[in-house]
Each structure stands twice: as C-alpha cells, then as structure tokens.
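Every number in this text was worked out from the coordinates using simple rules, so none of it is lab data. Remember, it's a predicted structure, so these values are computed and weren't measured experimentally. Using ideal geometry, Cβ is built from the backbone for each residue, glycine included, and neighbour counts are taken over all protein chains shown.
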Amino acid sequence: MSATAFHVERWAVRYARIALGAAFLSGIASRFGLWGKGVGYGSFANFVRYTAEVNSFMPASTIPFLAWAATVAELVLGVALILGVRRRWAALGSALLLLLFGSAMAISFGLKEPLDYSVFSASAAALLLALPSQERS
C-alpha cells in the first residue's frame, strides 16, 4: 500500500470511529434531555416508551432493563470508539448492538425503518472497523 493510501485509510478509520462513537453519545444526550426539551427523546421516560415500541415483541417487564442496557452499552462503546480503546472489541460490540437494534426495528416497524435510519449501514461500518488491518489506525 502506498504512503498516501495508508494515510487516507488511517484518517478514514479514525473518522468512522469518531462518527459512530459520537452517534452513540448523542443518543444518550437526547434521552437525558441534554439536547434540550423537544429535541430527540427529551427524557429517559420517552426513551423507555420508544424502547417498548422498538421491542414490541418483548414482554413489558423487560423494557426498562433493555433501555438501561442499551444506554450503558452505548456509553461504553461510544467512549471506547472515540478514545480508540479496545478498538476491535468496541467495533464488534457496536456492530452487534446496531444489528440487534436494526433487527428489532425491522420486526416491530418493518424493514424500511432501519434502512431509512442507516442502522444496518452503521453496523456494517462498525464491522469493517473490527478488521485486523484497522488496528493500526
């Protein structure tokens, strides 16, 4: 690989890591109202309601756990991606989390919804970040 191609690849990988990590953290900010009222979820209660809609096939008793589990996973993965900590594991975890989210969206709302919100695209990008050649970037 030429020096220029290596340089571009390194910056592309860094850009993907930061973009995915920032998206996770932005979602968390939204569910705690940090983007302001009326923006995104606006509150954790609204996020729990959305979690119930996305996971309409799950028992109601599991919804609070799923909402908190998603929040903790997004926080850990978002920070790890941005800081470049345990990159391969953070990328694989992100790919899996996004695949599960997209699948739940498809089951509950139909395939168009996760495609419109690029959930599977983000999952695929995270999976590409897990490739061994990306560890040096």
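Relative to the longest principal axis of the Cα atoms of the chain, helix 119-129 runs at roughly 30 degrees.
Highest mean first, the peptides 43-53, 57-67 sorted by other C-beta atoms within 10 Å per residue fall in the order 43-53, 57-67. Take each peptide in 87-95, 34-42, count the other Cβ atoms within 10 Å of every residue, and average; sorted highest first, the result is 87-95, 34-42.
When the alpha carbon coordinates of region 3-134 are projected onto the principal axes, the ranges are 53, 30, 24 Å, largest first.
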